[in-house]
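All remarks here apply to the structure that follows.
The values are calculated or read from the model by the stated rules, or taken from the named source; none is laboratory data. This one's a predicted model, so the numbers in the text were calculated from it and none came from an experiment. Quick reminder, even Gly has a Cβ in these numbers, built from the backbone with ideal geometry, and neighbours come from all protein chains shown. Remember, those area values only see protein heavy atoms, side chains included, never the ligands or the DNA or RNA. Shrake-Rupley method; radii C 1.70, N 1.55, O 1.52, S 1.80 Å.
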Amino acid sequence: MPTISVDHDFPTEITLIPYGIFIPEYNELFLFFVSSKLTADCIVDLLESWWQTVKHRFAHIQKLVINQDNGPENNSRRTQFMKRIVDFGTSSQLTLQLAYYPPYHSKYNPIERCFGWLEQHWNGSLLDTVETVLNFAQTLTFKGKNPVVTLVETVYSTGVKLTTSAMAEIETQIHRLPNLRKWFVEIFAKPT
């Protein structure tokens, strides 16, 4: 039975914000659809959750390189993000390298291509329910694999940030590459 819709200005019941983690070497895609705001806390929670599900496969890994855009929620000057990512490095005992794509370079970011594949997959279909969105995401196939899809219903608060002195303490645990200070950051695992 066809889905009835209007031609524009749909009334929204819920907005889902996609967030993805892609492991190019294994062609593995993890898609999260967030029903709240995509905040610094949300992003690090998703990274921590993802790491818990895959770390048994990567027990030999001591350094995790995270390529990402330089968005407002996860840039290297975002105090709450940097605090949480430093805490993640410590709790997971990983050295983390954050490599940021500069503005207008998202075409080089593999996760952006994944979102393009998803958009082509649903091919203009009406995404009128959460179930429809999740179904389209789950049935996406790339090189014979389907993504792991998760609906995230946790409510996140916006505007969480550290004081200047608290951020100064976090900065002592961060190494910024000279001449690329905001684009390449390394966080060494602090012994627990």
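By the gyration tensor of its Cα atoms, with a ≥ b ≥ c the square roots of the eigenvalues, what is the shape of segment 87-130: rounded for a/c under 1.5, prolate for a/b over b/c, or oblate?
Numbers: a/c = 3.86, a/b = 1.81, b/c = 2.14.
Oblate, because a/c is 1.5 or more while a/b does not exceed b/c.
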Exercise for the section: Determine how large the accessible area of Phe22 is when every protein chain is in place; take a 1.4 Å probe and give Å² rounded to the nearest 10. Expected result: 40
Exercise for the section: Could you tell me what percent of the DSSP beta bridges with both partners in the chain are antiparallel, to the nearest 5? Expected result: 60
Completion exercise
The FRET efficiency for Thr154 and Glu131, from their Cβ-Cβ distance with R0 = 22 Å and rounded to 0.05, is 0.70
Completion exercise
So the carbon and sulfur contribution to the accessible area of the chain, 1.4 Å probe, in percent, is 54
Handout entry: C-alpha center-to-center spacing [segment 45-109, segment 129-192] in angstrom
Key = 5
Exercise for the section: Go through Ser165, Trp51, Gly116 and say which Cα lies farthest out towards the positive end of the charge dipole of the chain; charges sit on Cβ, +1 for Lys and Arg, -1 for Asp and Glu. Expected result: Ser165
Problem - With all protein chains modelled, accessible area of Lys63 [1.4 Å, Å²] - result: 100
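Might you tell me the accessible area per residue for the chain, computed with a 1.4 Å probe and given in Å²?
Values: 11530 Å² over 192 residues.
Solvent-accessible surface per residue comes out at 60 Å².
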Fill in the blank from the handout: Mean separation of Cα contacts under 8 Å (at least 6 apart) over the residue count of segment 78-178, i.e. the relative contact order in percent, is 35
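Using only alpha carbons, build the gyration tensor for the chain and give me the equivalent ellipsoid semi-axes, biggest first, whole Å.
Values: eigenvalues 205, 76, 49 Å².
Here the semi-axes work out to 32, 19, 16 Å.
Please get the size of the charge dipole for the chain, origin at its Cα centre, with Cβ charges of +1 on Lys and Arg and -1 on Asp and Glu, quoted in debye to the nearest 20. Could you put the intermediate results ahead of the total?
Values: 17 positive and 19 negative charges, 194 e Å.
The calculation lands at about 940 debye.
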Practice task
Mind listing the long-range amide H neighbours of Leu64? Cut-off is under 5 Å, sequence gap 5 or more, other chains count too, H placed in the peptide plane at 1.01 Å from N.
Solution key: Thr95, Leu96, Gln97
Handout entry: Stokes-Einstein D in µm²/s, Kirkwood radius over Cα pairs - segment 54-161 at 4 °C with 1.567 mPa s viscosity
Key = 78
Exercise for the section: May I ask for the angle, rounded to the nearest 10°, between helix 130-139 and the longest principal axis of the chain, with both axes built from Cα atoms and the value confined to 0 to 90°? Expected result: 80
